[in-house]
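Q: Please see the structure below; I have some questions.
The values are calculated or read from the model by the stated rules, or taken from the named source; none is laboratory data. From a predicted model like this one, the values you see are computed outputs, not experimental measurements. Counting neighbours? That spans all protein chains shown, and the Cβs are built from the backbone with ideal geometry, glycine included. Protein only, heavy atoms only, side chains kept; ligands, DNA and RNA dropped before computing areas. Shrake-Rupley method; radii C 1.70, N 1.55, O 1.52, S 1.80 Å.
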Amino acid sequence: LAIFETDRDAETRLSAASLLKTLQTKKFVVLLVFFAQLYDRTDFCTKGLQKINSSADTNILLIEDLKEYLANFDFNKVVEYALKLAEKYQIEKFDVSTSSRARCLPKKINSSVIMTSIGQNNANSVEDLQNLLRRTVGHIHDEINARFDKNQYEIFKLVSACVPSSQSFLEDSLVQEVSSAFGFKIKTAELDVFRGYIRRHQKSTNANLESLFDVFDIIDENVFPGLYQLYQTVITVPQTSCKVERLFSSVKRIKTRFRSKMTTLRLSFLSEQVLHVFKNMKNRRLL
């Protein structure tokens, strides 16, 4: 960035100088230390959730452990370590200085005294850095709670009845409950016959079933219509919102203000082409 500050392009010089000022602040060091620690913890949780043979109970415990970690996060320890790093690298400023422009108040509150400014994230003291971390951790904790609540855990346990590596694989009560949740019913006789069919299939092929797709591949739609419909439904349930978010991003790039008269049909076609490009990209790890 120091080299880019001497670039010929004025915009490059301005961007480099702005980024360099941001990096040389205690606020940036605190956030850097915080997200490094958070990444180590979430990375461990993510790898556990991505294992094929992990059970629903194990996944729930991993998520609850991450919630507890965020709820009991030690802000003082992070700030103290970050300040030592800042002192080591001779970083003295708490945050990037902003313009002190006088605010024009309405006449009705002209004599009032404003103690704080809502929405300001400037850090000018150690207490401000701690409050910044509290807000950041609070947002992350609320987001995890919204995505993983008791209802989501029940779905985990129900769907685990369809996973061959789960201890509750093809358990009668869970299979009936998850099938009724999707609006159809599976006969008990069909389940009993399918269990025997799986045992014979594994014995004859000497291959273990490890995933939902392995089970789905050996289900004959004509012989086991209920189970075929169940697995088809469970497999097609979207696991993340990544595809939807990519669609919104592609729409923003395609339908600009210069293309406001583009028809819905053309927009839909172009969006599908962009998603096809995303599909052919290297798989990304999901958090």
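Q: What is the gain in length, in nm to one decimal, between Leu212 and Leu23 on full extension, counting 0.36 nm per residue of separation less the C-alpha to C-alpha distance?
A: 63.4 nm
Q: Given a Förster distance of 45 Å, report the FRET efficiency between Val223 and Glu154 from their Cβ-Cβ distance, rounded to the nearest 0.05.
A: 0.90
Q: Heads up, I need the accessible area for Thr22: 1.4 angstrom probe, whole protein in place, Å², nearest 10.
A: 60 Å²
Q: For the range 3-95, rounded, prolate or oblate, judged on the Cα gyration tensor with a ≥ b ≥ c (square roots of eigenvalues), a/c < 1.5 rounded, else prolate if a/b > b/c?
A: Verdict is oblate for the range 3-95.
Q: Accessible area, 1.4 Å probe, largest first: how do Leu267, Leu49, Leu32 sort?
A: The residues order as Leu32, Leu49, Leu267, largest area first.
Q: Which whole-number value in Å³ per residue fits the convex hull of the alpha carbons of the range 1-42?
A: Enclosed volume per residue, from the Cα hull, is 70 Å³.
Q: Same structure again: Contour minus end-to-end for Ser260 and Leu32, with contour as 0.36 nm per residue of separation and end-to-end as the Cα-Cα distance?
A: Full-extension gain reported as 78.0 nm.
Q: Round to the nearest 0.05 the FRET efficiency obtained for Arg41 and Val126 when R0 = 25 Å and r is the Cβ-Cβ distance.
A: The value I calculate is 0.55.
Q: Between Thr58 and Lys252, what FRET efficiency follows from the Cβ-Cβ distance if R0 is 45 Å, with the result rounded to 0.05?
A: According to the calculation, E is roughly 0.70.
Q: Also, I was wondering about something else. Net charge within 12 Å of Thr22 by Cβ-Cβ distance, Lys/Arg positive one each and Asp/Glu negative one each, not counting Thr22 itself?
A: With Lys, Arg at +1 and Asp, Glu at -1, the neighbours total +3.
Q: How about Lys77: which aspartates and glutamates have a C-alpha closer than 20 Å to its C-alpha, ignoring those fewer than 8 places off in the same chain?
A: Counting by Cα, and skipping residues close in sequence, Lys77 has these aspartates and glutamates nearby: Asp40, Asp65, Glu68, Glu87, Glu92, Asp95, Glu127, Asp128.
Q: Could you work out the local net charge near Arg13, counting Lys and Arg as +1, Asp and Glu as -1, over the other residues with Cβ closer than 12 Å to its Cβ?
A: -3
Q: Less than 13 Å Cβ to Cβ from Arg134, Lys/Arg counted +1 and Asp/Glu -1: what total charge do the surrounding residues give?
A: My count for the surroundings of Arg134 gives -3.
Q: In the range 11-91, which chymotrypsin sites (Phe, Trp or Tyr not before Pro) are in a loop and have at most 11 other Cβ atoms within 10 Å, using DSSP for the loop call?
A: Filter output for the range 11-91: Tyr89.
Q: From largest accessible area down, sort Leu83, Leu1, Leu129; use a 1.4 Å probe on the protein chains.
A: So the residues, ranked largest to smallest area, are Leu1, Leu83, Leu129.
Q: Using a simple spin-label model with points 7 Å from Cα along the Cα→Cβ vector, what separation in nm is obtained for Arg135 and Leu267?
A: 3.4 nm
Q: Hey, another quick one. Looking at this model, which pairs from Lys51/Lys203; Lys26/Lys67; Lys21/Lys51; Lys47/Lys185; Lys51/Lys150; Lys157/Lys187 are more than 31 angstrom apart at the alpha-carbon?
A: Pairs exceeding 31 Å: Lys21/Lys51; Lys47/Lys185.
Q: Per residue, how much accessible area does the range 132-274 have with a 1.4 Å probe, in Å²?
A: Dividing the accessible area of the range 132-274 by its residue count gives 67 Å².
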